[in-house]
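Here is the structure we will look at, set down as structure tokens.
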């Protein structure tokens, strides 16, 4: 996403708050970054629960009918059998080609199947818009106080970095510096 500031400035002009030309941005790249961020740092830690309706075998494991199955999203997203270098931030895992090769249940930030969130599309659109506007209006730098990599408190209902995230935001259109904790 190194190209993002130049891309966002070219697409929306230099005027803050102008997002009328979002269609010109590389939306695929933005989508890949947002999806990878959700994979590594989900805002809500889901556990997808389903009841097995008939005797079945999955990946060599027998599951009898009427047994509840719980898939803890946090661990599925970090399973090295599903994700190459699972702890590393690699947005290209969500390229069209790589997404086709991945099992459809390996990534479910809004749930799976009929029980998935109705607001999924709005959620993704909101995150992408916020991401684009932030990169367009601010230069972001990680402060020394932030730990890299982020260690999350797990399990917990809401994903929180153990030591917080400290960023320095410098407005691209003025000399104002904003600190966010």
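Quick one: in the stretch 155-181, of everything that is closer than 21 Å to residue 45 by Cβ, touching a strand residue (DSSP E or B) at 6+ places or on another chain (Cβ under 9 Å) and surrounded by 11 or more Cβ atoms within 10 Å (Cβ to Cβ), which residue is modelled with the lowest pLDDT? Walk me through it before giving the result.
Initial filter on the stretch 155-181 (closer than 21 Å to residue 45 by Cβ): 155-165.
Keeping just the survivors that are touching a strand residue (DSSP E or B) at 6+ places or on another chain (Cβ under 9 Å) gives 155, 157-162, 165.
Filter once more, keeping what is surrounded by 11 or more Cβ atoms within 10 Å (Cβ to Cβ): 155, 159-161, 165.
Details: 155: 58, 159: 72, 160: 76, 161: 80, 165: 85.
For the stretch 155-181, the residue satisfying everything is 155.
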**Study point:** All positions within the stretch 99-133 that are free of Cβ contacts under 8 Å to residues at least 60 places away in the same chain, in contact with a helix residue (DSSP H, G or I) (Cβ under 9 Å, 6 or more places away or on another chain) and either closer than 13 Å to residue 167 by Cβ or surrounded by 13 or more Cβ atoms within 10 Å (Cβ to Cβ) (or both)
**Key:** 99, 102, 106, 110, 117
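Select from the stretch 55-79 the residues that are assigned to a strand (DSSP E or B), surrounded by 10 or more Cβ atoms within 10 Å (Cβ to Cβ) and modelled with pLDDT of 90 or more and list them in ascending order.
Filtering the stretch 55-79 down to residues assigned to a strand (DSSP E or B) leaves 56-58, 61-63, 68-72.
Of the ones still in play, those that are also surrounded by 10 or more Cβ atoms within 10 Å (Cβ to Cβ) are 56, 63, 69, 71-72.
Result: 56, 63.
If I go through the stretch 97-121 residue by residue, how many of them are in a helix (DSSP H, G or I) and closer than 17 Å to residue 37 by Cα? Give the steps one after another, and end with the answer.
To start, the set of residues in the stretch 97-121 that are in a helix (DSSP H, G or I) comprises 97-101, 113-115, 120-121.
In the following step, the residues that additionally are closer than 17 Å to residue 37 by Cα were identified as 98-99, 120-121.
Adding up the residues that qualify gives 4.
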Review point. Taking the stretch 80-97 on its own, how many of its residues are surrounded by 11 or more Cβ atoms within 10 Å (Cβ to Cβ) and within 16 Å of the chain's Cα centre (by Cα)?
Key: 10
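The values are calculated or read from the model by the stated rules, or taken from the named source; none is laboratory data. Computed from a predicted structure; not experimentally measured. Counting neighbours? That spans all protein chains shown, and the Cβs are built from the backbone with ideal geometry, glycine included.
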